[in-house]
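Q: Please see the structure below; I have some questions.
The values are calculated or read from the model by the stated rules, or taken from the named source; none is laboratory data. All figures in this text were calculated on a predicted structure; none of them were measured in a lab. Neighbour counts are summed over all protein chains in view; Cβ atoms, including those assigned to glycine, are modelled from backbone coordinates with ideal geometry. The accessibility values were calculated without ligands, DNA or RNA, using every heavy atom of the protein model including side chains. Shrake-Rupley method; radii C 1.70, N 1.55, O 1.52, S 1.80 Å.
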Amino acid sequence: MKTKLFVLLSIVLLLVSCNKGGSSLPSVSGSKYEILVVMDEAQWKMTPGRSIVALLDQDMECLPQGEAVTKILHCQQADFTDMLKPARNILLTDISGKYTRPRVIYTINKWAQPQSVVVVQAPNDSIFTTTIKNYGENILKFFLRTERERQVEFNKSNVNANAKAEIEKQFGIQIDIQQGMNRSVKRKDFYWITNDNPNIREDIVIYSYPYTDKKTFTKEFLLAKRDSVMKANIPGEIVGSYMGTEYKYSTPVFREITVNGGYAAELRGLWKIKNGGAMGGPFYSQTRLDEVNKRVITIEGFVFAPGAKKRNPIRQLEAVVYSAKLPQEINVLKEISVVAKK
């Protein structure tokens, strides 16, 4: 008689304060989107290790050339000493017969800060591999989310105050534009700022328009709006050329997500200069509803970096987009501040 395996996943979020009880943790080591996988060599070479590689070494979506979603570092259990414990992202594996069911444990700031640690426990290789197959995307999302949150926090200390003030005056939103971005174009319901770097150029575009109905937040509508706005405001170097969305070689990805507790429509894709020129690259955007002013606001970051890796630059812009606070969120923060002062 066959028995059906029920995988019980225990997800434990341990939020550890780096200064709790007066203790102090060292700063993390390593590079952004680098994950140290701790697994014995025999398992690393077999199915459990290959399942980890398939998860963490997959191509990041919507890039013009293939780039792995993370960089993998590997060490054996015996080599995971105090020297390696401050790594910024750690995936600890523990496959042992002492376990009766698999568990996935999520922890932050365990040995250093700001650090993300995931522990995957399983009774044998087969159940470990099944656990990664079923819950691997959640593990990957955890590492990517916490890495983005670190970037958002870091950006707060590197803000172009003039650009932030200009944007708040024009749109009523707050966003942490970085100091390196200092060339801007301002038009009605449109703002464009760039670092104008010839090697890795990063741009942020913000535009708004009246909210009419729910169809506004569909993939088809948002892409059509993007193409019309970019055509009108971002010309190419050749007369008659302009920015548009690449549809022939890449399909834009649309998701409905939650940002600051509210709805947002997310788009990832590739842009290109149409009617002349060979410029192009990845873009990332969020479209949200300004509830106070009954209008739609789109914030987009795009990268132009010929011959260079584009994963980290577009993620840097993604963090900037995530830093935005809409009028209704600013009002809530003001109300909280008033209450706190009483």
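Q: Could you go through the range 51-59 in sequence order and give the Karplus-derived ³J(HN,Hα) for each residue, using 6.51 cos²θ - 1.76 cosθ + 1.60 with θ = phi - 60°, rounded to whole Hz, and x for Gly and Pro?
A: Ordered by residue, 3J(HN,Hα) equals 5, 5, 4, 4, 6, 8, 9, 5, 5 Hz.
Q: Name the most mobile residue of T47, T100, T131, meaning the one with the largest mean-square fluctuation, in a Gaussian network model of the chain with Cα contacts below 10 Å.
A: Looking only at T47, T100, T131, the largest GNM fluctuation is found for T100.
Q: DSSP loop trypsin sites (Lys or Arg not before Pro) in the range 239-276 with at most 10 other Cβ atoms within 10 Å of their Cβ, which ones?
A: Sparse-neighbourhood loop trypsin sites (Lys or Arg not before Pro): K248.
Q: Rolling a 1.4 Å sphere over the protein heavy atoms, what is the accessible area per residue of the range 194-296, to the nearest Å²?
A: It amounts to 50 Å² per residue over the range 194-296.
Q: Just to make sure I understand: if all protein chains stay in place, what is the order of V253, V320 by accessible area at 1.4 Å, largest first?
A: The ordering from most to least exposed comes out as V253, V320.
Q: If you fit an axis through the alpha-carbon atoms of helix 125-155 and take the longest principal axis of the Cα set of the chain, what angle between them do you get, 0 to 90°, nearest 10?
A: Here the helix axis deviates by roughly 40 degrees.
Q: Based on alpha-carbon centroids, what's the gap between the range 256-312 and the range 207-238 in Å, whole number please?
A: Answer, in whole Å: 11.
Q: Now for a different question. May I ask you to evaluate 6.51 cos²θ - 1.76 cosθ + 1.60, the Karplus curve with θ = phi - 60°, for each residue of the range 80-92 and list the ³J(HN,Hα) values in order in whole Hz, giving x for glycine and proline?
A: 7, 9, 4, 5, 9, 5, x, 4, 5, 9, 10, 10, 8
Q: Something else now. Along each of its three principal axes, how wide is the spread of alpha-carbon positions in the range 159-254, in whole angstrom units, largest first?
A: Between the extreme Cα coordinates on each principal axis of the range 159-254 lie 36, 34, 25 Å.
Q: While we're here: Would you work out which of A232, T216, N197 lies farthest towards the positive end of the dipole of the range 191-233? Charges go on Cβ: Lys and Arg +1, Asp and Glu -1.
A: T216
Q: State which entries of K156/K325; K219/K248; K169/K325; K272/K309; K274/K309 exceed 20 angstrom in Cα-Cα distance in the structure shown.
A: K274/K309
Q: Heavy atoms only, probe 1.4 Å: what % of the accessible area of the range 54-170 goes to carbon and sulfur, would you let me know?
A: After summing per-atom areas, the C and S share lands at 48 percent.
Q: On average, how much accessible surface per residue is there in the range 14-155, in Å², for a 1.4 Å probe, leaving out ligands, DNA and RNA?
A: Using a 1.4 Å probe on heavy atoms only, each residue of the range 14-155 averages 49 Å².
Q: Quick check: the distance between the Cα centres of the range 50-78 and the range 117-173, to the nearest angstrom?
A: After rounding, the separation between the Cα centres reads 16 Å.
Q: Taking every eigenvalue of the Cα gyration tensor of the range 201-300, multiplying by 5 and rooting it, what semi-axes result, largest first, whole Å?
A: 25, 14, 12
Q: Would you look at the GNM of the chain, springs on alpha carbons closer than 10 Å, and say which of S24, S250, S285 moves the most?
A: Fluctuation is largest for S24.
Q: Next question, about the same structure. Are there chymotrypsin sites (Phe, Trp or Tyr not before Pro) in the range 237-292 that DSSP marks as loop and that have at most 16 other Cβ atoms within 10 Å, and which are they?
A: Passing sites in the range 237-292 are Y247, Y249.
Q: A follow-up question, please. In Å², what does the accessible area per residue of the range 299-338 work out to with a 1.4 Å probe?
A: 38 Å²
Q: Defining a contact as two alpha carbons under 8 Å apart and six or more residues distant in sequence, what relative contact order in percent does the range 201-255 show?
A: Reported relative contact order: 23 percent.
Q: Which far-off residues, 5 or more places away or on another chain, put their amide H under 5 Å from the one on K71, with H placed in the peptide plane?
A: When sequence neighbours closer than 5 places are left aside, the close amide H contacts are E34, I35.
Q: A follow-up question, please. Of the GluC sites (Glu not before Pro) in the range 162-264, which ones lie in a loop per DSSP and count no more than 11 other C-beta atoms within 10 Å?
A: For GluC sites (Glu not before Pro) across the range 162-264 that sit outside H, G, I, E and B with at most 11 neighbouring Cβ atoms in 10 Å, the list reads E237.
Q: How large is ³J(HN,Hα), in whole Hz, for each residue of the range 297-307 in order, when computed from phi with the Karplus curve 6.51 cos²θ - 1.76 cosθ + 1.60 and θ = phi - 60°, using x for Gly and Pro?
A: 10, 10, 10, 10, x, 9, 10, 10, 8, x, x
Q: Let me ask something else about it. Where a ≥ b ≥ c are the square roots of the eigenvalues of the C-alpha gyration tensor, would you call the range 63-149 rounded, which needs a/c under 1.5, or, failing that, prolate if a/b is larger than b/c, or oblate?
A: oblate
Q: Now a separate question. Over the Cα atoms of the chain, what is the Rg over Rh ratio if Rh follows Kirkwood?
A: Rg/Rh for the chain comes to 1.01.
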